[in-house]
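Q: Take a look at the following structure, please.
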Amino acid sequence: MNLTEKAWEIFNQSVRDYHINDSVDSAENNPFQANSLEWILYSKNWIDTVQWHLEDIIREEDINPVDSIKKEQILLSKSTFGSIKILRPLFLILMLESTAKLQLGLSIGFLFYH
């Protein structure tokens, strides 16, 4: 399994786990070893999932503005902004991996079609 497939699997697991309780107030129960790449990917996606649901809640027409601010504070308190810096090299690797495959495909295509 390559890195892209592994990340996709972890992201989907995180979303499935979120929907067990389907609540922005649920605690993250990350099953991976702390500070491992898997742990970071799971945590990052958990935060994204909570954020998407919070944005839906905040957009509700009948939400109390004070409740809206409290919900936003929940997101900030759960956020691990340090993971963003750690993920930058991962995305660079994924981008280079995709670019290399594209270039290889184009090279092979060029050989077969010319």
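The values are calculated or read from the model by the stated rules, or taken from the named source; none is laboratory data. Worth saying up front: this structure is predicted, and the values here are computed from it rather than measured. Quick reminder, even Gly has a Cβ in these numbers, built from the backbone with ideal geometry, and neighbours come from all protein chains shown.
Q: What number of residues in region 21-38 are more than 15 Å from residue 71 (Cα to Cα) and in contact with a His (Cβ under 7 Å, 6 or more places away or on another chain)?
A: 0
Results for (1) part of a helix (DSSP H, G or I); (2) surrounded by 12 or more Cβ atoms within 10 Å (Cβ to Cβ); (3) modelled with pLDDT of 90 or more; (4) charged (D, E, K, R), shown as yes or no for each residue.
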residue	(1), (2), (3), (4)
11	yes, yes, yes, no
14	yes, yes, yes, no
26	no, yes, no, no
32	no, yes, yes, no
42	yes, yes, yes, no
56	yes, no, no, yes
66	yes, no, no, no
